[in-house]
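The values are calculated or read from the model by the stated rules, or taken from the named source; none is laboratory data. Here the structure is a predicted model, which means the values were calculated and not measured. We place every Cβ from the backbone using ideal geometry, glycine too, and count neighbours over all the protein chains shown. Heads up: the accessible areas ignore ligands, DNA and RNA and are worked out on the full protein's heavy atoms, side chains in. Shrake-Rupley method; radii C 1.70, N 1.55, O 1.52, S 1.80 Å.
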Amino acid sequence: MADLAVFGVYALAAFLLYRPLWMNLDGGYLASSVQDQNMWEWFFAVTARNVLHLQNPLFTDLQNFPLGVNLMANTAMLGIGIPLTPVTVLFGPTATWALTLTAGLAATAGAWYWVLSRHLVSTRSGAAIGAAFCAFAPSIISHANAHPNFVVLFLLPFIVLVLLKLARGQRPVRNGVLLGLLVAYQVFLGEEPLLIAATTMAVFAVVYALSRPEEALAMARPLGTGILVGAGVTLAIVAFPLWWQFAGPQSYGSIEHGLLGNDAAAFTTFATESVAGNAEAAKELSLNRTEENAFFGWPLVLLLTGVSIALWRVAAARALAVAMFALAWISMGVLLVVDGTGTSVPGPWMLMFDLPLYESVLESRFAMGCVVPAGILLAMATERVLRLSAPPDWRLAARITWFGALALALVPVAPTELRVGERAEAPAFFTDGLWRNHVDPGGSVVVVPLPDSGDADPLHWQVEAGLGFPLAEGYFVGPATDGRGTYGAVRRPVSELLEEVADSGTAPEISVGGKRQVEADLRYWNADVVVLPMTADESEALRTTVERLLGRSGQVIGGMWVWDVRAVTSG
C-alpha cells in the first residue's frame with residue numbers, strides 16, 4: 001500500500017502540472033513551448049499515419065517536400081509514437097502529447113522509486129524523496145514545457161540497475177541481454193539523454209574504481225561481459241535505424257549550436273517554473289524557458305555540498321558527488337562565466353566539444369546529468385538520518401534538522417503548474433476540407449511565409465486537415481548545403497524573399513527574373529496552391545508580394561488568400 005501511495009502521489013503531481021492542458025485538449029497550447037508543441041504533435045500524427053499505412057516509420061515527405069524529413073535524425077520518439085498510435089488515431093496528437101508528458105514524469109519518478117527502494121536505500125521515504133527529485137527537478141520541469149525526450153526517462157533507472165547487477169556479478173549474459181534491450185529502446189525514446197546519462201555513469205565508474213581498485217577489478221569481468229553482450233543486442237536492433245539516421249535520406253553528420261555553456265550563477269538561481277522562481281532572473285541566465293538546465297537554487301546547492309562532504313568517506317557517495325560536480329563543470333562550456341562575466345578558467349568542454357556525438361549536444365544540458373546523482377545523494381542522506389544509531393533525543397533532533405533542511409532546499413524548487421495559452425483556430429480552408437479543391441495527388445501546399453522554427457502553425461493546420469497533403473519547407477532538423485544539420489529547410493530564393501517581407505512589412509517590386517524564379521521554386525516544390533492566412537500581421541505586404549510574383553490577385557477561401565498555381569507548375 002505504501003508503494004501504491006507513492007506512485008499515486010507522483011501521478012497526481014504530474015497531472016497537476018499539466019492540469020490546464022488536460023482541461024483544454026481542443027485548444028490548449030503550452031505557453032513556453034514556442035513552436036515545439038506543433039512540431040511534436042506533427043511527429044506523433046505522422047508516426048501514427050505511417051503505422052496505419054504500413055509505411056517506413058523512419059521517413060516522411062509530408063514536410064520539406066519533395067526532399068522529406070529523416071525522422072530518425074529528428075527527436076520523433078518512435079518508442080512512444082508507435083505504441084501510442086491508437087491514442088493518436090482515436091483522440092488526436094494533442095492527447096498523445098499530454099499523455100506522453102504527464103505519464104513520462106510519473107513513470108520516471110516511479111521507476112527511480114522502485115530502483116532506489118529495492119536496490120540502493122533501505123528506507124521508502126528516502127527513496128521517495130530521491131525519486132521525486134530525479135523526475136521533478138527544475139531542469140526536467142523546464143524541458144517539460146516542450147521536450148518530452150527529456151521527460152520520458154523511465155528506462156534510465158533500470159539501465160542503472162542492470163549495470164549494478166552486472167557489477168555484482170549477477171548473470172552477466174542474461175543481464176547483458178536485458179541491458180541491450182533497454183538501451184535499444186532508449187535510443188528510440190531519446191539519444192541525447194542517453195549520452196548525458198552515459199557520461200555521468202562513466203565519471204561515476206572512474207571515480208569509484210579509483211576509490212576501490214581491488215573491488216573494481218573484481219567487477220570488471222562480469223561487467224565487461226554484460227556490456228559486450230548488451231552492445232551486441234543493441235547493435236542488432238538499432239544498426240539499421242542508426243545507419244538511416246546518419247547515412248539515409250536527409251541525414252546529416254552533426255549540428256552546431258555555438259558556445260552555450262551555463263553561467264555558474266545559474267546553479268544558485270531559482271528556475272522560472274519553481275515555487276521561488278524569478279522569471280526575469282532566470283531569463284538573464286538561460287537560453288530560453290525550456291533550457292533552464294542548471295537552476296538548483298542556492299539552498300539546494302548548499303545542502304548538496306554539505307551532504308557530499310558528510311558522505312565523502314562512502315565510496316559510492318563520493319563517486320556520485322564527483323560525477324554531480326563534474327557534469328556541472330562540463331555544462332559551463334569551454335570557459336567559466338560567472339554572472340555574465342567571462343573568466344580565463346577553462347572547463348572540460350574544451351576537450352569534448354568536437355568529439356563525435358558530443359559535437360551535436362548543447363553543452364548546457366549536461367547540467368541535467370547532475371540531477372540523478374543529487375537525487376540519490378538525498379536518498380542516501382535521508383536513509384542515514386533515519387537509521388542513525390543514537391539516543392532517542394539525538395535521533396529526533398537529527399530528523400527534525402534534516403527534514404527541515406530538506407524543506408528549505410526543496411520547497412523553493414518545487415514545480416508550479418505549467419502555463420497554457422489558447423491556440424488559434426486552424427483556418428477553415430484546412431479544417432473544412434476546402435484545400436481538396438486545389439491540391440491534386442502528388443502536389444504540395446506552400447504557406448506564406450513558409451513554415452520554419454519560428455512559425456510552425458502550418459504543421460498544426462496540416463494535422464487538422466488529416467495530413468492529406470505535403471508542405472513545402474517546415475520545422476525539423478535536416479542537412480544544410482555543407483552536410484551539417486540545420487533547423488528547417490535550406491531556403492529557396494522565393495522563401496527567403498517572403499521571409500524578408502514578413503520581417504520588414506514592405507512589399508518589393510518584382511523583376512522579370514524574380515517572376516521566373518518563383519515559377520522555378522513552385523515547380524521545385526511541385527506546388528498546387530499558395531496560401532496566406534488573412535489574420536497574419538504582415539498579410540498586406542505579403543499578399544501584395546505574392547500578387548506581384550504571380551501576376552494576379554488571390555481568392556478569399558476559408559480564411560485564407562488562395563492562389564491556385566497548378567497551371568504554373570504543370571506548364
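Structural remarks
- Computed per residue of the chain from DSSP H runs no shorter than four, each worth -39500 (n - 2.57), the mean residue ellipticity at 222 nm is -17000 deg cm²/dmol.
- Between the amide H of GLU473 and those of ASN64, PHE65, distances stay under 5 Å, these residues lying 5 or more places away or on another chain, with hydrogens modeled in the peptide plane.
- A simple packing score, the average count of other Cβ atoms within 10 Å per residue, orders the peptides 360-372, 151-163 as 360-372, 151-163, with the highest score first.
- Selection of GluC sites (Glu not before Pro), segment 460-542, meeting DSSP coil and at most 14 other Cβ within 10 Å: GLU509
- Legend: residues MET39, MET23, MET201, MET534, sorted from most to least accessible area (1.4 Å probe; ligands, DNA and RNA excluded), read MET23, MET534, MET201, MET39.
- Less than 5 angstrom separates the built amide H of ILE557 from those of VAL562, all sequence-distant by 5 or more or on a different chain.
- LEU408, LEU303, reordered so the largest accessible area comes first (probe 1.4 Å): LEU408, LEU303
- Rounded, prolate or oblate (a/c below 1.5 giving rounded, otherwise prolate when a/b exceeds b/c) for segment 1-133 by Cα gyration tensor: prolate
- Per residue, the accessible area of the chain comes to 42 Å², computed with a 1.4 Å probe over protein heavy atoms only.
- Two-site label geometry, ASN278 and SER511: point separation in nm, points 7 Å out along Cα→Cβ: 5.4 nm
- Degrees between helix 315-331 axis and first principal axis of the chain (Cα, 0 to 90, nearest 10): 30 degrees
- Relative to the current alpha-carbon distance between GLU214 and MET1, full extension at 0.36 nm per residue lengthens the span by 72.6 nm.
- Segment 130-192 and segment 427-460 have Cα centres separated by 39 Å.
- Taking amide H positions as modeled 1.01 Å from N, with prolines and chain starts lacking one, no residue 5 or more places away or on another chain lies under 5 Å from ASP440.
- Cut-off 12 Å, label 7 Å out along Cα→Cβ of THR544, residues of segment 485-505 by amide N: 505
- Evaluating 6.51 cos²θ - 1.76 cosθ + 1.60 at θ = phi - 60° for every residue in segment 273-287, the Karplus couplings come out as 8, 9, 3, 9, x, 10, 4, 5, 5, 5, 4, 5, 10, 9, 5 Hz, glycine and proline recorded as x.
- Set of segment 313-349 residues, backbone N closer than 14 Å to the point 7 Å along the Cα-Cβ line of VAL206: 319-320, 322-331, 347-349
- Largest first, the extents of the alpha carbon coordinates of segment 230-362 on the three principal axes equal 48, 39, 34 Å.
- The distance separating the Cα centre of segment 476-551 from that of segment 366-385 comes to 51 Å.
- The length gained by stretching the chain between GLN55 and GLN170 to full extension, at 0.36 nm per residue less their Cα-Cα distance, is 37.3 nm.
- With all protein chains in place and a 1.4 Å probe, the accessible surface of segment 411-527 carries 46 percent carbon and sulfur.
- Evaluated on segment 170-238, the Kirkwood hydrodynamic radius is 12.8 Å, with distances taken between all distinct Cα atoms.
- In order along segment 502-510, phi translates into HN-Hα couplings of 4, 6, 8, x, 10, 8, x, 6, 10 Hz, rounded to whole numbers, per the Karplus curve 6.51 cos²θ - 1.76 cosθ + 1.60 with θ = phi - 60° and x for Gly and Pro.
- Degrees, to the nearest 10: 539-550 long Cα axis against longest axis of the chain: 50 degrees
- Degrees separating the helix 2-17 axis from the principal Cα axis of the chain, which is the longest one: 30 degrees
- Whole-number percent relative contact order across the chain, with pairs defined as alpha carbons under 8 Å at least 6 apart: 17 percent
- Applied to segment 60-67, the Karplus parametrisation 6.51 cos²θ - 1.76 cosθ + 1.60 on θ = phi - 60° returns per-residue 3J(HN,Hα) values of 7, 10, 6, 9, 6, 5, x, 6 Hz, with x for Gly and Pro.
- According to the Kirkwood relation over distinct C-alpha pairs, the hydrodynamic radius of segment 288-443 is 19.7 Å.
- Dimensionless Rg ratio for the chain, taking C-alpha atoms and the 2.2 N^0.38 Å reference: 1.06
- Two-decimal ratio, segment 309-395, of alpha-carbon radius of gyration to 2.2 N^0.38 Å: 1.45
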